[in-house]
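Working notes, beginning with the structure itself.
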Amino acid sequence: MRRLLAIVNAAAGGAGDDVVADIMTVLHEHADTAQVRLDDPGALAKALDEHPDRDPVVLGGDGTLHTLVATLSERDELATRTVGLIPLGTGNDLARGLGIPLDPVEAARAAASGRPRPLDLLRDDEGGIVVNAVHIGVGVEAARTATPLKPVLRRFAYAVGSLVAGARTKGLPLKVEVDGQVVADGRRRVLMVGIGNGTSIGGGTPLTPDARPSDGLADVVVSFATGPLQRLMYGVLLKLGRHTERPEVVTVRGTRVHVSGPDLHVNADGELTGPHAARTWTVEPHAWRMVAPQAA
């Protein structure tokens, strides 16, 4: 029988007492499971120390998962602990891309009895990790606008933020290089750069719809849609996952992505950082394991 540590993010929107109780019932049926409820992400390392022989299962969203994987990376435990995920956040984008059930009870059953799947990781030039996606430009402005709306609008907050950001953002003079190939030269303004290990951001917006999180490559989308009508069209097609069909959108795949430009703000797994002068992300193939449906 597997030995699990259920890590409950007390701040996750879906982590009500009844939901957690139902999840724990299922986990106990399939595995020897201990539980810890975290009000402070800083307590995660202590919880892992206290249960060194258990695989962690996140009851939370993309942010909690990011924190767990980053902590395991810092502890050099990515190769020794298999991660499980029961999506209770507002976006749950990595879960969507991996086919993890969004129903908590079904997800608990899968986390306890499923098989590990190796997944890639993106690592930046300062050692930070990304499990799902990075984006720069209009998406960052959308996230900034959406953050205060999340308590009310939940997963729809990003859609509202995207509309507001799309109306007022005119693009940035960014240089983008993928495996040494210049995709944007810094002279033409860029509306958005997306780097996907997973497929979506913002609760299901398919930024890199063809990304595969275990193929050793990052999917990169660069949008030059900076005119008013182009921005509107890009926003509509982005929600439909058809933005990559537009002539002003370039898609490439690679193992190393370098972005530079003035006042560079970055959204990495929902965490906003910046400004930076430049950032580089490198794919680490099969760097960690998660219990998730196998790729088709």
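In a shell of Cβ-Cβ distance under 14 Å around Val19, excluding Val19 itself, what net charge do Lys and Arg (+1) and Asp and Glu (-1) give?
-4
Using the Cα centre of the chain as the reference point, and only Cβ charges (+1 on K/R, -1 on D/E), how large is the resulting charge dipole? Debye, rounded to the nearest 20. Could the numbers behind the result be given before it?
On the way: 31 positive and 35 negative charges, 217 e Å.
Roughly 1040 debye for the chain.
Restricting the trypsin sites (Lys or Arg not before Pro) of region 1-77 to loop positions (DSSP other than H, G, I, E, B) with no more than 16 neighbouring Cβ atoms within 10 Å leaves Arg75. Placing dummy labels 7 Å off each Cα toward the beta-carbon, the span from Thr282 to Glu50 is 3.7 nm.
Considering only Gly16, Gly194, Val283, and ranking their Cα positions along the charge dipole of the chain that arises from unit charges at the beta-carbon of Lys, Arg, Asp and Glu, the one farthest toward the positive end is Gly194. Of Leu48, Gly261, Pro118, whose Cα points farthest to the positive end of the dipole of the chain (charges on the beta-carbon: +1 Lys, Arg; -1 Asp, Glu; origin at the Cα centre)? In the chain, that residue is Gly261. Residues whose amide H comes within less than 5 Å of that of Leu174, counting only those at least five positions distant or on another chain, are Gly186, Val190 (H built at 1.01 Å from N in the peptide plane). Amide H contacts for Val57 (H built 1.01 Å from N in the peptide plane; partners 5 or more residues away or on another chain; cut-off under 5 Å): Leu5, Ala6, Ile7, Gly84. Phi angles of region 261-275 translate, via the Karplus equation with coefficients 6.51, -1.76, 1.60 and θ = phi - 60°, into HN-Hα couplings of x, x, 6, 7, 9, 10, 10, 10, 6, x, 8, 8, 9, x, x Hz per residue; Gly and Pro are given as x.
Taking amide H positions as modeled 1.01 Å from N, with prolines and chain starts lacking one, the residues under 5 Å from Ala287 and 5 or more places away or on another chain are Leu119, Asp120, Leu121. Residue by residue, region 215-226 carries 3J(HN,Hα) couplings of 9, x, 10, 9, 8, 10, 10, 10, 9, 9, 7, 9 Hz when phi is fed to the Karplus relation 6.51 cos²θ - 1.76 cosθ + 1.60 (θ = phi - 60°); x denotes Gly or Pro.
Remark: region 194-211, residue by residue, has Karplus-estimated 3J(HN,Hα) of x, 10, x, 8, x, 9, 9, 9, x, x, x, 6, x, 5, 10, x, 9, 5 Hz, where x stands for each Gly or Pro and the curve is 6.51 cos²θ - 1.76 cosθ + 1.60 at θ = phi - 60°.
Here the chain is treated as an ellipsoid with the same Cα gyration tensor; its semi-axes, largest first and in whole Å, are 33, 20, 16. Size estimate for region 3-114 follows the Kirkwood approach: the inverse of mean 1/r over distinct Cα pairs works out to 13.6 Å. For region 236-296, the list of GluC sites (Glu not before Pro) that fall in a loop by DSSP and count at most 16 other C-beta atoms within 10 angstrom reads Glu248. Peptide packing: for 207-213, 181-187, the average count of neighbouring Cβ atoms within 10 Å per residue gives the ranking 207-213, 181-187, highest mean first.
Bear in mind that the values in this text are calculations on the coordinates, not laboratory data. No experiment lies behind these values; they were computed from the predicted model shown. When we count neighbours, we look across all protein chains shown, and the Cβ atoms used for this are built from the backbone with ideal geometry, even at glycine.
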